[in-house]
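Notes for the one structure printed next.
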Amino acid sequence: MSSGALLPIDARREPLGKNAFVYVTPRHSFNTDTLLLAHFSMPKPRERCADLGTGCGAIPLWWVSRGAKGPIQALELQEEACRLSETSVKENGFSSLISVQQGDLRQPKENGLRDLDVIACNPPYQAAGTGVMSETVSDQTARHETTCTLEDVARTAKAALRWGGRLCLCHRPHRLTDAISILRAFSLEPKRLQLVQQRGGKEPFLFLLEGRRGGKPGIRLLPTLILQENGQDTPALEEIFGDYRQNRERKTKA
């Protein structure tokens, strides 16, 4: 990717807090799932990290804006998303910490993925051959297992993580048993699990799962994360978001 690549005409800045922003388009953006995964997978300051299928780059930018020191590899298959990520990294002044690569996560050696401490991945939620296929290629890649399956993510994580390294992912609850089985099949022992509910009394709509390469059996079930009460963000969500929501609201009012 060329650092001088032009942004799409419909690209816009979206704040990630007072210390960072990310360029997004209608085709490549981020959502609450992305930010919850960024928080759940937050690396220690000097850990070697990668975000597989980084999209617009929100997770690496979130990490660095909150204290990660890299090195961080942001790997993405789609060219437009890479341009967004690359420009965001450069304009935030994070080029010494985050490297953006265009590549296929199913090829860890070719992309230099090795000896990592942490891998994050927000994989496509729709299993191959199920659901109504999205119309655009970008949506198909992001939402359906056309170019990336859970098995692909686990296989790459096993190859790229050091012994004891962690894979963190998010997914829909109906795939939880699949995710646990697949991680174990690739020697990534599930160690932390958190369910996420929009509000009390509702079924979880998301899970966050950490698998550790070569870990011993035994999983820690974290308290269920509830996002809203009485139409307001819960204290737990406010703690995760920090100044993200404040800066987003400030931008909306401007």
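The values are calculated or read from the model by the stated rules, or taken from the named source; none is laboratory data. Since this is a predicted model, take the numbers as computed values, not measurements. Heads up, the Cβs are rebuilt from the backbone with ideal geometry, glycines too, and the neighbour counts pull from every protein chain shown. The protein model used for the area step is the full one, side chains on, heavy atoms only, and it has no ligands, DNA or RNA in it. Shrake-Rupley method; radii C 1.70, N 1.55, O 1.52, S 1.80 Å.
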Checklist entry - In the P(r) worked out for the range 64-107, what percent of Cα pairs fall beyond 13 Å? => result 53
Checklist entry - Which of Lys69/Lys90; Lys44/Lys202; Lys158/Lys191 have a Cα-Cα distance over 22 Å? => result Lys44/Lys202
Checklist entry - What residue among Gln232, Gln198, Gln102 has the largest mean-square fluctuation in a Gaussian network model of the chain, using Cα springs under 10 Å? => result Gln232
Checklist outcome for this item: Of the accessible area of the chain, computed with a 1.4 Å probe and all protein chains kept, carbon and sulfur make up a percent value of 49
Checklist outcome for this item: Hull volume per residue for the chain, using the convex hull of the C-alpha atoms, in Å³ is 132
Checklist outcome for this item: Shape descriptor, the range 148-242: equivalent ellipsoid semi-axes (Cα gyration tensor, sqrt 5λ, whole Å, largest first) stand at 28, 13, 11
Item to check | Residue list for the range 51-95, given a label point 7 angstrom along the Cα-to-Cβ vector of Glu110 and an amide N cut-off under 14 Å | outcome: 76-78
